[in-house]
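What follows is a single structure, written as structure tokens, with notes after it.
The values are calculated or read from the model by the stated rules, or taken from the named source; none is laboratory data. Fair warning: this is a prediction, and the values are worked out from it, not measured in the lab. Cβ coordinates were reconstructed from backbone atoms using ideal geometry, including for glycine residues, and neighbour counts include every protein chain displayed. Ligands, DNA and RNA are stripped out before the accessible areas are found, and what is left, the full protein with its side chains, is counted by its heavy atoms. Shrake-Rupley method; radii C 1.70, N 1.55, O 1.52, S 1.80 Å.
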Amino acid sequence: MDLGAFSISLAVKDLAASRSFYEKLGFEVFGGDAAQGWLVLRNGDHVIGLFQGMFERNILTFNPGWDQGARKLDRFTDVRELQRVLKARGVAIQQEADESTSGPASFVVVDPDGNPVLVDQHV
């Protein structure tokens, strides 16, 4: 099962301070909008999203349809198919994608330790 590009979405208290810290580690901003409280940073294939005031916990994020550079893939497994497979495997879906739609959609599962896992398709 290919979940797509991986990143971690961090719930930060101070976007500017977090940006400065991760830039010192070699990350560079390549997306987002600081005025809206979020930025996406990259260091090679490693991607970190910084989100101030948008959610309570850090989130593991997968993006079907994207490579690690957020470029659209020609072939990928649709988020709704991934959701169906996980349901069939007995994984509880906390927030479901509408399976009657196509294109962008997302779902959320929670691991045994309470960590949210977001599967978020943008294409």
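Structure data summary
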| read-out | value |
| --- | --- |
| Table column - 3J(HN,Hα) (Hz), the stretch 45-55, Karplus curve with 6.51, -1.76, 1.60, x for Gly and Pro | 8, 8, 10, 10, x, 10, 10, 9, x, 9, 7 |
| Amide H partners (placed H, <5 Å) of Asn58, local residues excluded | Ala11 |
| Val123 - accessible surface, heavy atoms, 1.4 Å probe, Å² rounded to 10 | 40 Å² |
| Per-residue HN-Hα couplings for the stretch 58-64 [Karplus 6.51, -1.76, 1.60; θ = phi - 60°; Hz; x = Gly/Pro] | 5, 10, 7, 10, 10, 10, x |
| Sites excluded, trypsin sites (Lys or Arg not before Pro) in DSSP loops with at most 12 other C-beta within 10 Å, longest stretch of the chain | 14-56 |
| Nearest 10 degrees, 0 to 90: helix 79-88 Cα axis against the chain principal axis | 60 degrees |
| 4 °C / 1.567 mPa s Stokes-Einstein diffusion coefficient of the stretch 17-80, Kirkwood radius on C-alpha pairs, µm²/s | 99 µm²/s |
| Dipole-positive endmost among Val109, Trp66, Phe55 within the stretch 55-123 (Cβ charges, Cα centre) | Trp66 |
| Choice from Ala34, Ala88, Ala11 showing the highest fluctuation, given a GNM over the chain with Cα pairs closer than 10 Å | Ala88 |
| Angle between the chain longest axis and helix 15-24 axis [Cα atoms, degrees, rounded to 10] | 80 degrees |
| Value of [θ]222 nm, deg cm²/dmol, for the chain, DSSP H segments ≥ 4, -39500 (n - 2.57) each, nearest 500 | -5000 deg cm²/dmol |
| Low-density loop positions, GluC sites (Glu not before Pro), the stretch 8-104 - DSSP coil, at most 15 other Cβ in 10 Å | Glu56, Glu96, Glu99 |
| Per-selection Rg to Rh, the chain - Cα, Kirkwood hydrodynamic radius | 0.98 |
| Given charges at beta-carbon only (K, R positive; D, E negative), |dipole| of the chain in Debye | 100 debye |
| Filtered chymotrypsin sites (Phe, Trp or Tyr not before Pro), the stretch 1-95: DSSP coil and at most 13 other beta carbons within 10 Å | Phe55 |
| Magnitude of the charge dipole, the stretch 21-80, Cβ model with Lys/Arg +1 and Asp/Glu -1, debye to 20 | 120 debye |
| Beta bridges per DSSP with both ends in the chain, % antiparallel, nearest 5 | 75 percent |
